[in-house]
Amino acid sequence: YVTYAFNITGGAALKWYRDTFASDLHAHPAPFASAYAALEGNMPKTPTGLLCLPHFAGSGTPDMDMRSRGAVMGLTLNTTRAELYKGLLEGIAFEAMVNLESLARCGVHAKELRTAGGGARSAQWLQIRADVFGKPVIQMKVEEAGTLGCAILAGKASGIYASCAQGAEAVVKIARVFEPNEKNHAIYEEQYARYKRLYAAEKDI
């Protein structure tokens, strides 16, 4: 069984932000990832206070509202592009929290979260997620879970592993655990309550 909860524009929203507001960093001869690293390096250490609704192509689960659009609230004349970038990371984490709450209402209670994919490479984003969720977020040694799963299946088929469970035991390893910062979590709890009201208000505009 699998419970499929997702946000349509997580990584795509970050790419849009990089290409639109950080094209000078993106044009640098270093790898593309350096643009993200440069933005992260200038992010404030504390929660931003911004509310970013990451519905750039509608919302994913649980609402599946294709008419919803992205929004940003809390901008001031002092808002920097790195702060806005962090606000977007926070908004994507808030959207994931909506799904965690929905799962909890159905009796599925996550004690920890394991990450996969490109976003799993960012220590700053993993810490934001841990602070928003109030739960440990685990970075795996191999971020590309799909590819690793294929390798395990190939190992089982070729006789290297007696079972998929044995293959997983051999190669699925934890790299780092991000524990929630309780002070940041308390701030994010207040912001998350406002975030949920943002979507409710946006639907009626």
Return the only residue of K196, K183 being assigned to a helix (DSSP H, G or I), open to solvent by 40 Å² or more (accessible area, probe 1.4 Å) and touching a residue at least 40 places away in the same chain (Cβ under 8 Å).
K196
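In this structure, does A162 turn out to be open to solvent by 30 Å² or more (accessible area, probe 1.4 Å) and not in a loop (DSSP other than H, G, I, E, B)? Outline the logic, then answer.
Values: open to solvent by 30 Å² or more (accessible area, probe 1.4 Å): yes; not in a loop (DSSP other than H, G, I, E, B): no.
The answer is no for A162.
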With the requirement that a residue be over 17 Å from L89 (Cα atoms) and at pLDDT below 95, what does the range 176-205 give you?
R197, A200, A201, E202, K203, D204, I205
Just one of (1) in contact with a Ser or Thr (Cβ under 9 Å, 6 or more places away or on another chain); (2) at pLDDT below 95; (3) open to solvent by less than 20 Å² (accessible area, probe 1.4 Å); (4) not acidic (D, E) trips up G87, so point out which.
(2)
The number of residues in the range 109-159 that are under 30 Å from G49 (Cα atoms) and open to solvent by 70 Å² or more (accessible area, probe 1.4 Å) is 6
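The values are calculated or read from the model by the stated rules, or taken from the named source; none is laboratory data. Small disclaimer: the values here were computed from a predicted structure and weren't measured. Positions of Cβ are backbone-derived with ideal geometry, glycine not excepted, and every protein chain shown enters the neighbour counts. Side chains are part of the model used for accessible areas, which takes the heavy atoms of the whole protein and leaves out ligands, DNA and RNA. Shrake-Rupley method; radii C 1.70, N 1.55, O 1.52, S 1.80 Å.
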